[in-house]
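Where a number appears in this text, it was derived from the coordinates with a stated rule and is not lab data. This is a predicted model, so every value here is computed, not measured. Cβ placement follows ideal geometry from the backbone for every residue including glycine, while neighbour counts extend to all protein chains displayed.
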């Protein structure tokens, strides 16, 4: 039996408010199909843009989005707000799902990073101010921290692929990712 | 209540940065379900990814994509209805938990191969030990990591209870035993086989 769809009303408005993304995820965890449709409507477009960049023309982005939403349906029961914002949780699920698919395929010579770099510099979004903040923060990182982050954390490269591409040991790569995440968090502030 | 034993910092980073295989993610998902301390660290480390996703331009998905997703969901295995431990493990479980269990030459011990898509040489197992049951002394031929899902166990290194993250390095030996007051459920990620000592070891080598 699906859980009831949460529709909190803000004080003073008298009408139902849009459920938060966190409420939607919790409802999807209870196998609520309406909440799942709403989550899809909110995230499918952005996920399509993201996985298209990660696929670098070699993985069909629509198929990847399909796999990501199947994973979200199965794993939504794990979500709780203490794990982070819904978009951060969905980001991690997405990147890991694409990585799993990459790992299951034969290795390729060079997957390129042009599209991910382009996405990092993109400005065409519903909220240019937000983009400016994220991309400015990324640009403010030292290059030896920014590139490991772009390749592995955002770009879906395996550690090994990213380390080879950057010419550093895996341990060094991980140290730089950790440093970059710490710095990025302070540059971005609280969500 | 938070667990007492936590994964190393590098495992937390792997979880959010793409360095964890499916077995490592399963263990971490179970630990995070029971540990607010590590959940807070994961929230911190994954926050930039969330900000990045929120800033993406929204492309138009094909009109039939949601219908395709719905069709695929109908074909996915349902989650087992009742679990004696955290539901964080549910996505990794087969729909029928009564099938596929194997023993290991000792009463009260059974395990289920979760057969996730894993790198060569890595295994993921759900283990059930009846209250008070022991597992014979053995040596690890590769790293073993485990998260206690319910109940607890003790060995030469100490006691582990629900949510605790345990690790046995390659070459270490131990003989775990479930605590006497409740069944112990755990999930284990193994990078190598185990070798029994004593007569079981002789038998294992002969087989």
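This ranking places A:91, B:135, B:196 by how few other beta-carbon atoms lie within 10 Å of each, fewest first, which gives B:196, B:135, A:91.
Fewest-first ordering of A:101, B:73 by other beta carbons within 10 Å of each residue's beta carbon gives B:73, A:101. Normalising by residue count, the stretch A:19-108 has a Cα convex hull of 87 Å³ per residue.
Against chain B, whose longest principal axis is taken from its Cα atoms, helix B:36-54 shows a tilt of about 30°.
So how tilted is helix B:65-75 from the main axis of chain B? Cα-based, degrees 0 to 90, rounded to 10. Once rounded, the angle reads 20 degrees. Shape descriptor for chain B: Rg over Rh equals 1.02 (Cα atoms; Rh from the Kirkwood inverse mean 1/r). Note on the protein assembly as shown: along the principal axes its Cα atoms extend 69, 55, 37 Å, ordered by decreasing extent. Relative to the longest principal axis of the Cα atoms of chain B, helix B:22-34 runs at roughly 90 degrees.
Averaging the Cα positions of each part gives two centres, and for the stretch B:122-175 and the stretch A:49-72 these lie 37 Å apart.
The order of B:140, B:15, going from fewest to most other C-beta atoms within 10 Å of their C-beta, is B:140, B:15. Legend: calculated FRET efficiency, residue B:199 to residue B:159, from the Cβ-Cβ distance at R0 = 25 Å, rounded to 0.05, equals 0.35.
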